[in-house]
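The structure appears below as structure tokens.
The values are calculated or read from the model by the stated rules, or taken from the named source; none is laboratory data. These numbers come from a predicted model, not from an experiment. Reconstructed Cβ throughout: ideal geometry from the backbone, glycine too, with neighbour counts over all protein chains shown.
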Amino acid sequence: MPVQNASAGWRGLFVIVILSGSFLLFLIQPMVARLALPLLGGAPGVWNSAMLVFQVLLLAGYAYAHALARLPLKKQAAIHVGLLLLGALTLPPTLADIPPPLPGWEVLWVPALFLATIGPVFFLLSAQSSLMQHWYAASPRAKNPYRLYAASNIGSFAGLLSYPLWMEPEMALGEQSRAWAAGYLVLILLVGLAAASRWNVAGGAPQPKQVQETAEPAERVGTRRLLLWLALAAVPSGLTLSTTTLLTTDLVAMPLLWVIPLGVYLLSFSVAFSDSGDWARILSRYAPVPLLLVGSLAMISGGQANPVIALAMVALLFVLSVALHARLYALRPPSDRLTLFYLAVAAGGALGGTFPALVAPVVFDWVYEHPILLLAAALLMPQFPLLPFLGRFWQTGRWPGIAAGLIVLAAAILAWYVALAVEHGNGSQILLGVCALAVLGLVVVGKRWAFAAVFALLMIGHGGFSTLETSAAGVRSRSYFGIYSVEDTDNGAKRQLTHGTTMHGWQWLLTERRRQPTAYYGGSSGAGLALVQAEPDATIGVAGLGVGTLACYRKPGQDWTFFEIDPQVARYSRNGTFTFLSDCAPDAAVVIGDARLELADTRTDRFDILLIDAFTSDAIPLHLLTREAFETYGRGLSEDGLLLVHISNRFIDLAPMIAGLAEAGGWHGLMRLDANPLEEGLTASHWIALSPSKHRLDRLQGASPLEWNELPPPSSRIWTDDNASLIPLLRL
């Protein structure tokens, strides 16, 4: 008994071990994604690929913990601590050196990169939570081990937030790696102490019989329950990635926005896996309300570009995750099946991540995975009617089925009414129809199929018809780097390319105006002013093809090269969708690949003018705006060369950072803010011109009919490949 009493008193140690392991596990996720940014840029697919790898490794770790739990506890401890020590040989974490991807194969190459970089240690840390809970339960006097899962998710949540708010702004990447390695070594010591606390519990053998005396009676886990575990774990996991895609496509691709949905997802476990369960019951009961109201926006193309709607989508993710995880927790087995339960949860998470990360980008031309997963949540979530008499009604006789069918029929008519109102832009009718559909949805809560049907009709009516019509018309495409739509507007007078809700460029379709520069690239823009002055024999490079607008500044005798990372974007110019390139610069080279990597391989002093216009929507590829990147640009420019950087952005003020980079690199700079272009078809734009030669900028300014301004005061800290954070530059 003395040993048992002592072992039962180590609960605090196990909480610390579990919390620390989860903190390190989820601290390294954004850290490794940040390590990869110089190679991969900020596309939402990068984070989704990373998340898929993490979920697969988590599944492997839980399988390892489940297999290890079958052995005597002493053997478990010896094997696990030994493997943790071997894993330390791979530290500190650094990006793996593997061959670059072929164009179009990024969806497989990125997961391979992450696996090679942190596979071993992430695999071992993934086993920590379930294995430590199993060790804790080995004591006959241990309390409910599932309660320790809350510590795991609190640690995970803390690790996620610590990276963008503390580690990324304050530490260089090398320091981050070393700090993480130090934490890993401390964790090995803590695991050793946890093993020592259970070393002599009944000779180190598992105690299923004694554990069962303090837990629920043993029961068989049937196939139906196992499948339900998988589904309840898969849907919130998939929703986390689809919500991330919505956020990062049209807001900004940065670790802070990557980790918010994941942090919310993890926090939902802490709420759902609570013994009291008060908040879980409240959120589960009222989850249909936000699902109907906020989820109704899920099929509006680009509807999440509004920050308020984006925040509402994150809140919806939290509520649905709590509701589904609460149902999952209610179906948990006795503690002797604990590792099997967590293995099923991890398998569901991996399946849920596979759908938006690998399947959806190939199968769909839009983010259809998000409404599909919301519909799955509607089918799986607990059904608690808001009014008790409705709950009794839906459970009696055959009349409820007929009533539910009539309500669904009425919802279909209302959905058609809302779709017509959306088409004609009638706001009051849209609001009335959506509210009526939401009320019908709340009435049928308790009749699962009918609730899901009303919700599906609500999504389709409220923007879904136009989204589906765009797909049916074949004018939208999806690649690893984004979702693009081509649309003819103004009664067929012009054609534009959009990424989410951000216009990438457009072209007049009228023959006499087809070569006229448009959007951010007009004659009054910084790019237009510089290119008009370019020498007839100048060599010009452009990072970012877009629709090819800049090509129409080409003069006979000039040598032009475009760098484009996404083959799909280049395809629009090659297949005649946009004809700027074929009309104005048919002999221009188009290099497919990351502009910075390709420029690093080009010869020194090649370009007289180099334009950096490679942003995807409002996402900032940090690796194109670091000190090392500007050194690459400087090597590629001639002695009297000119670098032009397009910094138009809704959410981030890049001018101070560019000023800081210019000061650090010995560049001279001017800024052109074309806020109110007078010519038809132009859009406000913000360009910065830099040159190692002040004389070159004097010529640019002196020959310009429009005003160039001095750069603003520089940022106190400039971006490097080793240290960069967008937070100080956010326009809050």
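In this structure, is Arg398 free of Cβ contacts under 8 Å to residues at least 24 places away in the same chain and either outside the structural domain of Phe355 (by TED's automatic domain parsing) or more than 34 Å from the chain's Cα centre (by Cα) (or both)? Against the criterion (free of Cβ contacts under 8 Å to residues at least 24 places away in the same chain and either outside the structural domain of Phe355 (by TED's automatic domain parsing) or more than 34 Å from the chain's Cα centre (by Cα) (or both)), Arg398 qualifies. Tally time: how many residues in the stretch 570-586 are of a type outside the set (Lys, Arg) and either touching a Gly at 6+ places or on another chain (Cβ under 7 Å) or free of Cβ contacts under 8 Å to residues at least 24 places away in the same chain (or both)? Adding up the residues that qualify gives 8. Here His504 meets the list (1) of a type outside the set (Gly, Ala, Ser); (2) surrounded by fewer than 23 Cβ atoms within 10 Å (Cβ to Cβ); (3) closer than 27 Å to Phe364 by Cβ; (4) at pLDDT below 90 almost entirely, failing just condition (2). Evaluated against (1) surrounded by 17 or more Cβ atoms within 10 Å (Cβ to Cβ); (2) under 27 Å from Phe481 (Cα atoms); (3) of a type in the set (Asp, Glu), Asp601 falls short on exactly one condition, (1). Go through the stretch 288-310 and give me each residue that's part of a helix (DSSP H, G or I), in contact with a helix residue (DSSP H, G or I) (Cβ under 9 Å, 6 or more places away or on another chain) and at pLDDT below 85. Correct list: Gly303, Gln304, Ala305, Ile309, Ala310.
Checked against (1) surrounded by fewer than 24 Cβ atoms within 10 Å (Cβ to Cβ); (2) at pLDDT 80 or above; (3) not β-branched (Val, Ile, Thr), Trp10 passes all but condition (2). Restricting the search to helices (runs of 4 or more DSSP H) fully inside the stretch 393-474 and requiring at least 3 residues that are of a type in the set (Val, Ile, Thr) and crowded, with 18+ Cβ neighbours inside 10 Å gives 399-424, 427-443. Is it the case, given these coordinates, that Ile658 is modelled with pLDDT of 90 or more, in contact with a strand residue (DSSP E or B) (Cβ under 8 Å, 6 or more places away or on another chain) and under 27 Å from Ala33 (Cα atoms)? In short, yes. The sole residue among Arg147, Arg178, Arg198 that is touching a Phe, Trp or Tyr at 6+ places or on another chain (Cβ under 6 Å) and among the charged types (D, E, K, R) is Arg198.
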